[in-house]
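The values are calculated or read from the model by the stated rules, or taken from the named source; none is laboratory data. Keep in mind the model is a prediction, meaning the values are calculated, not measured. Quick reminder, even Gly has a Cβ in these numbers, built from the backbone with ideal geometry, and neighbours come from all protein chains shown.
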Amino acid sequence: MSEIKKCLFPAAGYGTRFLPATKAIPKEMLPVLTKPLLQYGVEEAIEAGLNTMAIVTGRGKRAIEDHFDISYELEHQIKGTAKEEYLTQIRRVINACTFSYTRQIEMKGLGHAILTGETLIGHEPFAVILADDLCDNENDGVLLQMVKLYEEYKCSIVAVEEIPPQDSNKYGVIAGEFLNNNIVRVSDMVEKPEPKDAPSNLAIIGRYILTPDIFDILRSTKPGKGGEIQITDALLQQAKEGKVVAYKFKGKRFDCGSVDGFVEATNYFYKQSEN
C-alpha cells in the first residue's frame, strides 16, 4: 500500500482566460463533454489509490462542493428513469473518497495555494493535481505512474514534458542529470524563463508529489515571478539537496487552461467516446 493517500487540488483561481463563462462558473467545473475538469482529476487520483481529496477553493466556487455531494432533489426527479444512469459515475466518485475544503483568501500564486492546503494535508507526503492540465492514458494514469515512482525515490516528484523552446515562458523549466530515459535528478528549475534563459526544454506540468517539508520551505519563500509565491522556488531548495526528481510521464496532456487546449481536449475525448 502506498503512503500517499491525499491529493490537493488548488482551485481558487479566477479563470480569466475563459471569461465571461467563468464569471459565475469555476473554471474547474467547465465540462469536457459531460464531465467537469475537476472530476477527471479526482478520478485520476482515485485510480492512483488516493482516497482523500483536499480542495483549495475561493469565492464563487460553491459549485465544486455541490458537485461532489448528493443532490436529493435531482435524484428524486430522475429516479426510475433512463436518465438515472447519468449519475452513476459521480456517485461512484463520491462513495470512493472523502472531500475536504479550505479557502484561499488572496490569490498569491500556486505556492501559496499549496501552503493554504496544509491544514487539510498534515505532515505526510501528498499529491497535487492542477485540474486544467487534463491527462489521458491507455494504461496507468499519470498520477499512478508517479505514486509507483515515489515508492522507489521517496522524494518530491514533478511530471515534465518536452515543449517547444518558444513556450518556455509559460512553464517552470527544469535541468538536471538523467538517471534513465524518463527520470531526471533535478539540479535547477526556473519559473517561466525567456527562451534564451531556459535551462532545458523540459517543462513542469500540473502533477506533483510533494514531501511535507515543502510547507516549511513555502512559509519562508519570498514572492518571485509576478510577485507570487512560486512552488518552483520552493522545489528548487529541495532540488539543491538532491531531493527532487522529474518524470517524463507516459500519456497525453491537454492544457485546458487555454481555449485552444480546451477545444483540443473536447475533440479528442469526443473521438474517444465514439470508439
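For the reader, a short list of remarks on this structure follows.
- Qualifying position, being out of contact with any strand residue (DSSP E or B) (no Cβ under 7 Å at 6 or more places or on another chain), at negative phi and surrounded by 14 or more Cβ atoms within 10 Å (Cβ to Cβ), among 73, 47: 47
- Residue count for the stretch 79-106, restricted to those that are without any contact (Cβ under 8 Å) to a residue 40 or more places away in the chain and either basic (Lys, Arg) or under 18 Å from residue 43 (Cβ atoms) (or both): 9
- Residue match in the stretch 57-69 (condition: among the basic types (Lys, Arg) and touching a strand residue (DSSP E or B) at 6+ places or on another chain (Cβ under 9 Å)): yes
- Set 90, 78, 70, 46: member being touching a helix residue (DSSP H, G or I) at 6+ places or on another chain (Cβ under 8 Å), β-branched (Val, Ile, Thr) and closer than 18 Å to residue 143 by Cβ: 46
- Conditions (1) crowded, with 16+ Cβ neighbours inside 10 Å; (2) basic (Lys, Arg); (3) closer than 24 Å to residue 119 by Cα: number failed by residue 222: (1)
- Single residue of the stretch 97-113 satisfying the filter (among the small types (Gly, Ala, Ser) and in contact with a helix residue (DSSP H, G or I) (Cβ under 6 Å, 6 or more places away or on another chain)) that is nearest to residue 214 (Cα to Cα): 111
- Checked against the criterion of being in contact (Cβ under 8 Å) with a residue 12 or more places away in the chain, surrounded by fewer than 22 Cβ atoms within 10 Å (Cβ to Cβ) and hydroxyl-bearing (Ser, Thr, Tyr), the candidates 34, 22, 16 yield just one match: 34.
- Residues being acidic (Asp, Glu) and touching a strand residue (DSSP E or B) at 6+ places or on another chain (Cβ under 8 Å) - total across the stretch 184-239: 4
- Each residue in the stretch 97-110 was checked for being of a type in the set (Gly, Ala, Ser) and modelled with pLDDT of 95 or more, and 1 of them qualify.
- Those residues of the stretch 170-191 which are buried (at least 19 other Cβ atoms within 10 Å of the Cβ) and free of Cβ contacts under 8 Å to residues at least 60 places away in the same chain, in sequence order: 171, 173, 189, 190, 191
- Count - residues of the stretch 250-275 that are of a type outside the set (D, E, K, R) and in a loop (DSSP other than H, G, I, E, B): 5
- Of all residues in the stretch 186-198, those satisfying the criterion of being in contact with a Ser or Thr (Cβ under 9 Å, 6 or more places away or on another chain) and either among the polar types (S, T, N, Q) or in a loop (DSSP other than H, G, I, E, B) (or both) are 192, 193, 194, 198.
- One residue stands out in the stretch 233-275 among those that are closer than 15 Å to residue 160 by Cβ and of a type in the set (Gly, Ala, Ser): the one that is surrounded by the fewest Cβ atoms within 10 Å (Cβ to Cβ), namely 251.
- Filtered residues of the stretch 147-180 (kept if within 18 Å of the chain's Cα centre (by Cα), over 22 Å from residue 191 (Cα atoms) and not charged (D, E, K, R)): 147, 149, 150
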